[in-house]
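Here's the structure we're looking at; comments come further down.
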Amino acid sequence: MRPTIRTIRWGGLIGSVVPATFVVWHFHSQTYADAGSSAFGLRLAAVTIGLGLAFVLDDPTEESLGYTPISVLTRRLVRIVLTLPPTILFWLLLRGYASGGLIEEQTLPAWPFLLEALALGGVAFAGAGMAARLVSDRLGGLGGAGAVIIVAFAVALLPWANGLWTRTPGTKPSDASVMWWWAILGAAVLTFWRSSVVTGIFRLRR
């Protein structure tokens, strides 16, 4: 466990904390801040954190551990288990700050926004896993970060002219977007699992 902790690229994840905190503070500290502006800042923070998570799977020990009995999927899951819980806790603290001071009619419910953040985190891991298949475990983070940016732009515009990120929190359109986020998270988990298993099989055959 300790060797894994030492090889995780914490710099990218910790580095994402500063901009995430700043954007939440910026949009929440406006003179006439409302749920819409605070939600936008919170969503930008989720993107920033997702970019940091993308580099968690980068493994500098790939060449020395590539042929051990420990599977690629297991090694990646250990890294996720070590980094995702503190990341979720930090994000919940940001959500608590962003929702503070809003009038009772305007709220930022924790669960729908947490689902969005988890979906972007899943995209980061899936993109990193796919990129690692094509390049190396040490460079998959770039692919994960690219995947997060692409999905962030997509959900700002789609579906059609009613993007998921343009919907006001607490409204019916916003509630209806939950199924879309579940679909994104499900697709990300499936892609991550498949890429990890296929990568492990490919390395055994080399």
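The values are calculated or read from the model by the stated rules, or taken from the named source; none is laboratory data. What you see is a predicted model, and the numbers here were worked out from it, not measured in a lab. Positions of Cβ are backbone-derived with ideal geometry, glycine not excepted, and every protein chain shown enters the neighbour counts.
For segment 130-143, which residues satisfy the criterion of being crowded, with 24+ Cβ neighbours inside 10 Å and in contact with an Asp or Glu (Cβ under 9 Å, 6 or more places away or on another chain)? Before the answer, list the steps.
Residues of segment 130-143 crowded, with 24+ Cβ neighbours inside 10 Å: 131-132, 137, 140-141.
Answer for segment 130-143, where residues must be crowded, with 24+ Cβ neighbours inside 10 Å and in contact with an Asp or Glu (Cβ under 9 Å, 6 or more places away or on another chain): Ala132, Asp137, Gly140, Gly141.
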**Item:** Of all residues in segment 21-43 being touching a Phe, Trp or Tyr at 6+ places or on another chain (Cβ under 8 Å) and of a type in the set (A, V, I, L, M, F, W, C), the one that is surrounded by the most Cβ atoms within 10 Å (Cβ to Cβ)
**Value:** Ala39
**Message:** Given the options Arg6, Arg43, name the one that is closer than 19 Å to Leu77 by Cβ and assigned to a helix (DSSP H, G or I).
**Reply:** Arg6
**Item:** Residue among Val78, Val123 that is modelled with pLDDT of 90 or more, in a helix (DSSP H, G or I) and farther than 20 Å from Val148 by Cβ
**Value:** Val78
**Message:** For Ala20, only one of the following conditions fails: (1) modelled with pLDDT of 95 or more; (2) in contact with an Asp or Glu (Cβ under 8 Å, 6 or more places away or on another chain). What is its number?
**Reply:** (2)
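Can you tell me which residues in segment 110-135 are of a type in the set (Gly, Ala, Ser) and without any contact (Cβ under 8 Å) to a residue 60 or more places away in the chain?
In the first step, residues of segment 110-135 are kept if they are of a type in the set (Gly, Ala, Ser); the result is 110, 117, 119, 121-122, 124, 126-129, 131-132.
Passing the criteria: Ala110, Ala131.
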